[in-house]
Amino acid sequence: QVQLVEAGGGLVQPGGSLRLSCAASGSILGIHSMGWYRQAPGKERELVANIARGGSINYQDSVKGRFTISRDNAKMSMYLQMNSLKPEDTAVYYCNAVLLGTSYWGKGTLVTVSS
């Protein structure tokens, strides 16, 4: 079992920045990959970015150049630095971890980009 807790969401103006964090606990040694997903109102949950244990990273095209995902394996924490935020980035952001083929989710943190 893996428990994930997100933090760092909030209200920010367009063009602003936020940093999300995700703390993992439980059976964390076998975690293969971690990632950030988001779900906007009325839309399906979508991948924002993920990072494998070895460090390989994938980004959704719409966030490339604006968002940066990072991972601290020693602390089993993951971060998402979000810059140049746009109203369309508004969503609940979820932390995800994959362990032995099972996907675990945090409860999510709301990011609202609005003037």
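The values are calculated or read from the model by the stated rules, or taken from the named source; none is laboratory data. For clarity, every value in this text was computed on a predicted model and none was experimentally measured. Here Cβ is always computed from backbone atoms with ideal geometry, including for glycine, and neighbour counts include all displayed protein chains. Quick note on the areas: whole protein, heavy atoms, side chains included, nothing else; ligands and nucleic acids left out. Shrake-Rupley method; radii C 1.70, N 1.55, O 1.52, S 1.80 Å.
Structural remarks
- Residue within segment 47-63 that is farther than 24 Å from V2 by Cβ, of a type in the set (D, E) and open to solvent by 40 Å² or more (accessible area, probe 1.4 Å) present: yes
- Residue satisfying all of: in segment 64-107; of a type in the set (D, E, K, R) and surrounded by fewer than 19 Cβ atoms within 10 Å (Cβ to Cβ); modelled with the lowest pLDDT among these: K75
- Pairing residues of segment 86-115 that are farther than 15 Å from A7 by Cβ with residues that are in a strand (DSSP E or B) and among the basic types (K, R), at Cβ distances under 7 Å and at least 6 apart in sequence or on separate chains, gives A91/R38.
- Residues of segment 9-63 that are at pLDDT 95 or above and basic (K, R): R19, R38, K43, R45.
- Taken over segment 24-46, the criterion of being of a type in the set (D, E, K, R) and open to solvent by 20 Å² or more (accessible area, probe 1.4 Å) is satisfied by K43, E44, R45, E46.
- Residues that are outside any strand (DSSP E or B) and over 19 Å from T102 (Cα atoms), drawn from segment 1-16: G8, G9, Q13, P14, G15, G16
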